[in-house]
Amino acid sequence: MRIACGTRLWHQPVSAPAFRFVAAGTLDESSWAVPSSHIWTKTRGADAVFAPDALVFEGPAPDRQPLWDRFDEIYGKG
């Protein structure tokens with residue numbers, strides 16, 4: 001039986017082709033991941049929990065710079 005849930009596992013944004021983003025919730029072991037932001041939260045599941053220090057947007061972030069800045073704060077500029 002094949003099940004298709006439609007969940008995006010990863011993506012490479014057109015606006016930042018040097019990056020690859022993995023949806024940490026799709027990993028078998030995600031305890032190492034520290035979320036820097038949560039987007040499209042308006043359609044979240046009832047049991048979704050957000051990291052207390054992450055940026056939260058109900059839809060897309062109106063400007064991506066805060067997302068990059070928060071990521072740098074958590075993971076450092078590499």
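The values are calculated or read from the model by the stated rules, or taken from the named source; none is laboratory data. Everything numeric here is computed off the predicted structure, so don't read it as measured data. No Cβ is skipped: glycine too gets one built from the backbone with ideal geometry, and neighbour counts run over all protein chains shown. Heads up: the accessible areas ignore ligands, DNA and RNA and are worked out on the full protein's heavy atoms, side chains in. Shrake-Rupley method; radii C 1.70, N 1.55, O 1.52, S 1.80 Å.
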Query raised in the report: Using a simple charge model, +1 on the beta-carbon of Lys and Arg, -1 on the beta-carbon of Asp and Glu, nothing else, what dipole does the chain show about its Cα centre, in debye to the nearest 20?
Result: 340
Query raised in the report: Considering only protein heavy atoms, what is the solvent-accessible area of Thr43 at a probe of 1.4 Å, reported in Å² to the nearest 10?
Result: 110
Query raised in the report: Which of the trypsin sites (Lys or Arg not before Pro) found in region 10-78 are loop residues per DSSP with 15 or fewer other Cβ atoms within 10 Å of their Cβ?
Result: Arg20, Arg44, Arg64, Lys77
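On the accessible surface of the chain, probed at 1.4 Å, how many percent belong to carbon and sulfur atoms? Don't jump to the answer; show the numbers that get you there.
On the way: 3690 of 6560 Å².
The value for the chain is 56 percent carbon and sulfur by accessible area.
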Query raised in the report: At a Förster radius of 22 Å, what calculated FRET efficiency corresponds to the Cβ-Cβ distance of Thr7 and Tyr75, to the nearest 0.05?
Result: 0.40
Query raised in the report: Which semi-axes, in whole Å and largest first, does the equivalent ellipsoid of the chain have when worked out from the alpha carbon gyration tensor as the square roots of 5 times its eigenvalues?
Result: 21, 16, 14
Query raised in the report: Considering only protein heavy atoms, what is the solvent-accessible area of Ser31 at a probe of 1.4 Å, reported in Å² to the nearest 10?
Result: 100
Requested in this report: For Ser30 paired with Trp68, estimate the spin-label separation in nm (one decimal), with each label point 7 Å from Cα along the Cα-to-Cβ line.
Outcome: 2.5
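Report the net charge of residues surrounding Ser15, where surrounding means a beta-carbon distance below 14 angstrom and charges are Lys +1, Arg +1, Asp -1, Glu -1.
Details: positive: Arg20, Arg64; negative: Asp63.
That sum, taken over residues with Cβ under 14 Å, equals +1.
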Report summary line: Computed over the chain: longest principal axis from alpha-carbon atoms vs helix 65-75 long axis, angle to nearest 10 degrees, is 90
Report task. Would you mind getting the accessible area per residue of the chain, heavy atoms of the protein chains only, 1.4 Å probe, in Å²? Result -> 84
Report task. Could you work out how far apart the two model spin labels at Val49 and Phe19 are, taking each label as a point 7 Å from the Cα in the direction of the beta carbon, and quote it in nm? Result -> 2.5
